[in-house]
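The numbers here are math on the coordinates, done by the rules we state, and not lab data. Predicted model, so just to flag it, every value in this text is computed and none were measured. Neighbour counts are summed over all protein chains in view; Cβ atoms, including those assigned to glycine, are modelled from backbone coordinates with ideal geometry.
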Amino acid sequence: MERIAIFDTTLRDGEQAPGFSMNIEDKLHMARQLERLRVDVIEAGFPIASEGDFEAVKRVAAEIRTVTIAGLARAVSGDIRRCWEALEKAAKPRIHTFLATSDIHLKHKLLKEREQALEMAVRAVRLARSLCDDVEFSAEDAGRSDPEYLYRVIEAVIAEGAGVVNIPDTVGYRLPREYGDLIAGLRSVPGIDSVTVSTHCHNDLGLAVANSLAGVLNGARQVECAVNGIGERAGNASLEEVVMAVYVHSKALGLETGVKTEEIFRTSQLLSSLTGIEVQANKAVVGKNAFAHEAGIHQDGVLKEALTYEIMTPASVGLTKNSIVLGKHSGRHGLAARYREMGYQLSEADLDRAYMLFTKLADRKKTIYDEDLMVIINDGLQHIPEAYSLKYFHIVGTSDANSTVTVSLERDGEMYTDSATGDGPVHAASRAINRITGRDGRVVSFSAKSVTEGAEAVVEVFLQVEVDDRSVTGRAASTDLNIAATRAYLDAFNKALWAASAAPGVGAPTPAREPVSE
Ligand code: KIV
Ligand code: ZN
């Protein structure tokens, strides 16, 4: 079997997409799960883009030791040096530098002639190699580049020591056969046999996974992809789809990845929990309906023999059957056993906290499902210090939508109580919290989803909140929608306070990729 390296860019290209921004703690959480998933490379961010990105790459590089950690840098010395500063403590660092090679980008964005750009790419890789042994070069918009020029650039960067050459279809334009041909054409480039060829396909025409696989069939041995397919515009190739396509066809292709497929579902859920953006129900591999058989004829077939309608088992992506039903009377051992069965290895401290949240939930809800347990893990075990915690909530509502909310918040052992009236419970609760904290917070977007079915279901609320000009996400879960929303608002507040004190630049917007003129 030949190995396909999985380069995960959820924390860089994925995080760059609107609505998917994550704070440092979220990124660390995700990076730990990507390590458990056993991807080969985690692209942790774009260090020059902001202080927050720099810190995130630095923290991921310091903590995650078994996976290569990459940082992105434009092909200019300032970016490359800053990238190295963030990466240098990594056990396996990689500088990933990029420069566009299409005439469209050269003419309109970079304002450079082809020869000038080629020289820039060479200088960038030379500098990167003087700092780091592992250097990847990406030819941005390779999909629309003149292959003859593209191959000259690739030959030149290989000669400077790039060990991975990436051929992005940046705007998701190519058809699978065309993209496959572009990768196949690299075979004639001197030095290509000593490097890894990589794909990076965007999904503008829904072809990102097909194009990545076409690249693999033509010799690429690294695929760049993101969990749930997130990324710029329509996203990147979806990690779970690429991995499971290789897994299902492994024998015929003679290929495999190192990914622990049983971690896939959990990883997808974690990302959705961190960002508040749900996976579409019919999404391949990780959607709610991916293994649901509705039609009678399908159900009948699957009950007789799963193979009739299933090309992979739910267990192979980490969807396990629940053999233990948990409820009010389940003890700490039962909870620990169920988490073990679901594949979580919790420390004693995490189990204590999970058990405390579990007992609270079990008081309100008769049966606790796996989805509830995942929410407890994803939502309740964050390590951001809670400056304020909600101790009391009382609401009086009227049918004309006016609500009055009273909240008590605890901070450093002191209790603060205030009330406010607003246009609905969330408005009233946010105003009460603003009054107590003396800060200016505002809900920009609100979404809620029911985690399980039935009237006693747990509801997860996601908010985008602006606190004193800082945009943060807040999330919380409860069987009571109003309490979940109030806790989500407070969660956003706590994150904003933490970000302001821990890293002044966190949350600063990522600058658009400007023309580079070095
Ligand atoms: O899409 C793209 O071209 C990129 C590069 C920076 C690799 O994301
Ligand atoms: Zn991209």
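Test of understanding: express the Cα radius of gyration of the range 89-179 as a ratio to 2.2 N^0.38 Å, with N the residue count.
Cα-based Rg divided by the globular estimate yields 1.09.
What whole number of Å gives the distance from the Cα centroid of the range 264-328 to the Cα centroid of the range 46-109?
Centre-to-centre distance over Cα atoms comes out at 36 Å.
Determine, for HIS298, HIS293, HIS333, HIS96, the number of other Cβ atoms within 10 Å of each Cβ, and report the residues in order from fewest to most.
HIS333, HIS298, HIS293, HIS96
Straight-line reach from LYS304: which aspartates and glutamates fall under 20 Å, measuring Cα to Cα and dropping same-chain residues less than 8 apart?
Result set, ordered by chain and number: GLU294.
Quick one: angle between helix 370-380 and the longest Cα principal axis of the chain, in degrees between 0 and 90, rounded to 10, please.
80
Computed over the Cα atoms of the range 296-380, what is the ratio Rg over Rh, Rh following Kirkwood?
We get a ratio of 1.09 for the range 296-380.
From the alpha carbon gyration tensor of the range 2-275, can you work out the equivalent ellipsoid semi-axes (sqrt of 5 times each eigenvalue) and give them in Å, largest to smallest?
They are 25, 23, 17 Å, listed from largest to smallest.
Per residue of the chain, what 222 nm ellipticity follows from adding -39500 (n - 2.57) for every DSSP H run with n ≥ 4, rounded to the nearest 500?
Roughly -12000 deg cm²/dmol at 222 nm, from the helical runs in the chain.
Tell me the relative contact order for the range 2-275 as a rounded percent, counting alpha carbon contacts under 8 Å between residues six or more apart.
21
Students often check this: by mean Cβ neighbours within 10 Å, which of 116-128, 99-111 ranks highest, and how do the rest follow?
Highest-to-lowest ranking by the protection proxy: 116-128, 99-111.
Explain nothing, just the number: relative contact order of the chain, from Cα pairs under 8 Å at least 6 residues apart, as a whole percent.
12
Just rank THR170, THR421, fewest to most, by other beta-carbon atoms within 10 angstrom.
In order of increasing Cβ crowding within 10 Å: THR421, THR170.
Please list the non-local residues whose amide H lies under 5 Å from the amide H of GLY172, H modeled 1.01 Å from N, same-chain partners needing a gap of 5 or more.
HIS202, ASP204
Hey, what angle do you get for helix 481-502 against the long axis of the chain, alpha-carbon based, 0 to 90 degrees rounded to 10?
Compared with the principal axis, the helix lies near 50 degrees.
Place the peptides 258-268, 64-74 in order of packing, highest mean first, counting for every residue the other Cβ atoms within 10 Å and averaging per peptide.
Highest to lowest by the protection proxy: 64-74, 258-268.
Kirkwood-based Rg over Rh for the range 389-501 (C-alpha set), two decimals?
So for the range 389-501, dividing Rg by the Kirkwood Rh gives 0.96.
Per the Kirkwood formula on distinct C-alpha pairs, the Rh of the chain is how many angstrom?
For the chain, the Kirkwood estimate is 24.5 Å.
Determine the alpha carbon to alpha carbon distance for each of LYS328/LYS495; LYS27/LYS391; LYS360/LYS495; LYS89/LYS495; LYS365/LYS449 and list only those over 20 Å.
With Cα atoms farther than 20 Å apart: LYS328/LYS495; LYS27/LYS391; LYS360/LYS495; LYS89/LYS495.
Cα atoms only: what Rg and Dmax, in Å, come out for the range 1-90?
12.5, 42
Treating the beta-carbon of each Lys and Arg as +1 and of each Asp and Glu as -1, no other charges, what is the dipole magnitude of the range 389-501 about its Cα centre, to the nearest 20 debye?
That gives the range 389-501 a dipole magnitude of about 180 debye.
Hull surface divided by four, with the convex hull built on the Cα atoms of the range 145-223: how many nm²?
Taking a quarter of the hull surface, the average projection is 4.4 nm².
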